[in-house]
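Take a look at the structure set out below.
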Amino acid sequence: MSAEPHAAVPAEVCESAGYTAAPSAFVDARSLIGCRHRLHLNSAHPEVLTGVTEDVGVTQRREAATAHRERVRDQLIAAEPERWTVIAPGRPAGARAADTMRACAEGAERIWGALLPQEPDTGRRGGSEILLRDQDRGGYIPIIVVNHKVTDPRQPDPAEHHPLTTGLPDWKPQPDRTVRVRNQPRDQQRLVHLYRMLQRHGLASPALVGGVIGFHTDRVLVHELGPLLDDYDRRYADRIAVVRGELPTVPSKVPECRQCPWWTRSETPGAPSCERWLVDHHDVSLVAAGSRAEVLRRHDVDTIEDLANWTGEAPDDWQYEPFEEAVVTARAWMSGAPLVRRVERLWVRRADVEVDVDLESYQEYGAYLWGTLLDGVYRPFVSWDPLPTTDEARSFAEFWTWLMDIRAEAVAAGKTFAAYCYSRTAEDKWLYESARRFAGLPGIPTEAQVREFVDGPQWVDMFEAVSTQFICPNGKGLKKIAPVAGFGWRDPEAGGEASMSWYRQAVGYDGPPDLSQRTRLFEYNEDDVRATKALRDWMYPTEPGGRSAEAEVPAMADFR
């Protein structure tokens, strides 16, 4: 699912964005990535969502994206105001489009806030944060500003293909050996969408490129658009046909469902919601979500029963986990088994000294809380200064110093040591990010020190242990797996998205700080580290007489 708000939205949202035409008539670039059925429902039944409270996570991401774009705008324009033409954001959409076309006709060098004319015949609508005039070839290059990362740092490797980046104000794309590209199809689709809109008016640069300014705003990532045109054209033809009611759609489970208002709502009284429809039909996407379901449907596997009854070789175009495991997943779902053992004997690295770790971050602004559990005692390292703040360096340094001291003490005492997390992607990311951002400050490790720790055997990812040893018909998230081991969270609303709202209240983004929300975040974080320990003890118990996953979870052989 896109990390920014979905496009084909109810009428009042369209109006707030400056569009007054019927939302069913037009498609913007965000609709090209995401659920086709959601696009159909939003277009055909916008009245159902009138007054529906938007998911708090979506709201916060949109607000953060708006604030990020405003910061980039102010920074760029303040540096060279004479080179910019700014399209006034408060004017009606039609007037803004006319202003944009006028600026292009006059050869404006750089246009901020460009809105291109809506196209009633094709259904396209869209705008670009920046239109940059191609001084060499004529026409304009679209540059978008997004609130997510578009590159990651990397060590130079002469043998690799290096992405093109450039700085502003000077547009001089060059191979960049210091970064690698983060795959963001939504950005590429939006750039091609804008290219097609510019092309209609003879305003597209022949260079066939577009740019993206990401979260760090330190460079413009340049995308070559030519290789993307065919895929975009096919995708756009499909999506506009869906919006116009020319192609039928049915529900299918995708990651986007977690935050979609249609998951529990129906378009008409008496009709099932997407969730109910999928369960009623035993739809195969319940056990093989996203692109897996698309592959299976090409082989007439539409239901969980179809998959469970599969015999013979795997489909030629199946490129995921071993197909036998997909079949077992379907059979386990039908039997009601929440987990299936892939292996006869479960194993998790255990140690004399064990520390559980879980962090809480706020969007891309930083990690404000590192929670730990040692010998049954929860200890948090936290900064309640609103992110971004340099006080984050203090709390991170205290966490890192404490963790390394515990490790050193264990080694000195001749004991083994291990630290555990669940899904190390987030922890690894913020360990490295914190080391880079606060390099040189007291207590901050170097990147090399972080790498030595996370690449070593003492850093154990329980998500990896679960993934390699269990088949999980209902998902692999900690809140799906730990309850099977007998663990429950104190707060029924506990979750990553909810914690974003709690954090805003805890630090006073929207009013006076709410200290009760700080307590709530501590309890949520503590429950996460205790859940990780409970899961480890269940998978590989060290005390006799306790619960054991080996005794409770059926093996794959039971479903063959």
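Applying a threshold of 7 Å to beta carbon distances and a minimum spacing of six or more residues, or different chains, the list of pairs starting in the range 85-110 at a residue that is over 16 Å from I141 (Cα atoms) and crowded, with 19+ Cβ neighbours inside 10 Å and ending at one that is at pLDDT 95 or above and among the charged types (D, E, K, R) reads I87/R96; I87/D99.
Exactly one residue out of S516, S499 is within 28 Å of R258 (Cβ to Cβ), small (G, A, S) and in contact with a strand residue (DSSP E or B) (Cβ under 8 Å, 6 or more places away or on another chain), and it is S499.
For the subset of the range 410-423 comprising residues that are touching a helix residue (DSSP H, G or I) at 6+ places or on another chain (Cβ under 6 Å) and part of a loop (DSSP other than H, G, I, E, B), which member is surrounded by the fewest Cβ atoms within 10 Å (Cβ to Cβ)? Taking the candidates together, the pick is S423. G167 meets each of the listed conditions (1) closer than 30 Å to R36 by Cα; (2) surrounded by fewer than 17 Cβ atoms within 10 Å (Cβ to Cβ); (3) touching a Lys or Arg at 6+ places or on another chain (Cβ under 8 Å); (4) of a type in the set (G, A, S) apart from (1).
Does T532 fit the bill of being among the hydroxyl-bearing types (S, T, Y), part of a helix (DSSP H, G or I) and in contact with a strand residue (DSSP E or B) (Cβ under 6 Å, 6 or more places away or on another chain)?
It is true that T532 is among the hydroxyl-bearing types (S, T, Y), part of a helix (DSSP H, G or I) and in contact with a strand residue (DSSP E or B) (Cβ under 6 Å, 6 or more places away or on another chain).
For the range 261-298, a residue qualifies if it is of a type in the set (D, E) and not in a loop (DSSP other than H, G, I, E, B), and the qualifying residues are E275, D280, D283, E294.
Taking (1) in contact (Cβ under 8 Å) with a residue 60 or more places away in the chain; (2) surrounded by 14 or more Cβ atoms within 10 Å (Cβ to Cβ); (3) touching a strand residue (DSSP E or B) at 6+ places or on another chain (Cβ under 8 Å) in turn, R407 satisfies each apart from (1).
Residue by residue, here is whether (1) in a strand (DSSP E or B); (2) touching a Ser or Thr at 6+ places or on another chain (Cβ under 9 Å); (3) of a type outside the set (D, E); (4) closer than 30 Å to P315 by Cβ holds:
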| position | (1), (2), (3), (4) |
| --- | --- |
| A326 | no, no, yes, yes |
| P338 | no, no, yes, yes |
| W347 | no, no, yes, no |
| A351 | no, yes, yes, no |
| E360 | yes, yes, no, no |
| T389 | no, yes, yes, no |
| R394 | no, yes, yes, no |
| A397 | no, yes, yes, no |
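Answer yes or no as to whether I77 is touching a Gly at 6+ places or on another chain (Cβ under 8 Å) and surrounded by 14 or more Cβ atoms within 10 Å (Cβ to Cβ).
no
Considering the range 454-492, and only residues there that are of a type in the set (D, E, K, R), farther than 23 Å from V254 by Cβ and in a loop (DSSP other than H, G, I, E, B), the residue that is farthest from the chain's Cα centre (by Cα) turns out to be R490.
Restricting attention to the range 408-421, does a residue exist that is of a type outside the set (G, A, S) and more than 27 Å from V466 (Cβ to Cβ)? Yes, there is a match, as at least one residue in the range 408-421 is of a type outside the set (G, A, S) and more than 27 Å from V466 (Cβ to Cβ). Taking the criterion of being touching a Pro at 6+ places or on another chain (Cβ under 6 Å), not in a loop (DSSP other than H, G, I, E, B) and not basic (K, R), would at least one residue in the range 540-557 satisfy it? No, the range 540-557 contains no residue that is touching a Pro at 6+ places or on another chain (Cβ under 6 Å), not in a loop (DSSP other than H, G, I, E, B) and not basic (K, R).
For T66, are the conditions met, namely being at negative phi and either outside the structural domain of G167 (by TED's automatic domain parsing) or among the charged types (D, E, K, R) (or both)? Write out each step before concluding.
Numbers: at negative phi: yes; either outside the structural domain of G167 (by TED's automatic domain parsing) or among the charged types (D, E, K, R) (or both): yes.
Judged against the criteria, T66 is a match.
Can you confirm whether A314 is part of a loop (DSSP other than H, G, I, E, B) and either touching a Ser or Thr at 6+ places or on another chain (Cβ under 8 Å) or closer than 30 Å to E409 by Cβ (or both)? Taking the combined requirement at face value, the residue does not satisfy it. Figure legend. Inter-residue proximity from the range 434-446: first residues assigned by TED's automatic domain parsing to the domain that holds E398, second residues aliphatic (A, V, I, L, M), beta-carbon distance below 6 Å, spacing 6+ or different chains. Indicated pairs: A435/V450; F438/A393; F438/I444; L441/A393; G443/A397; I444/A397; P445/A435.
The values are calculated or read from the model by the stated rules, or taken from the named source; none is laboratory data. Every value quoted in this text rests on a predicted model; they were computed, and no experiment measured them. Using ideal geometry, Cβ is built from the backbone for each residue, glycine included, and neighbour counts are taken over all protein chains shown.
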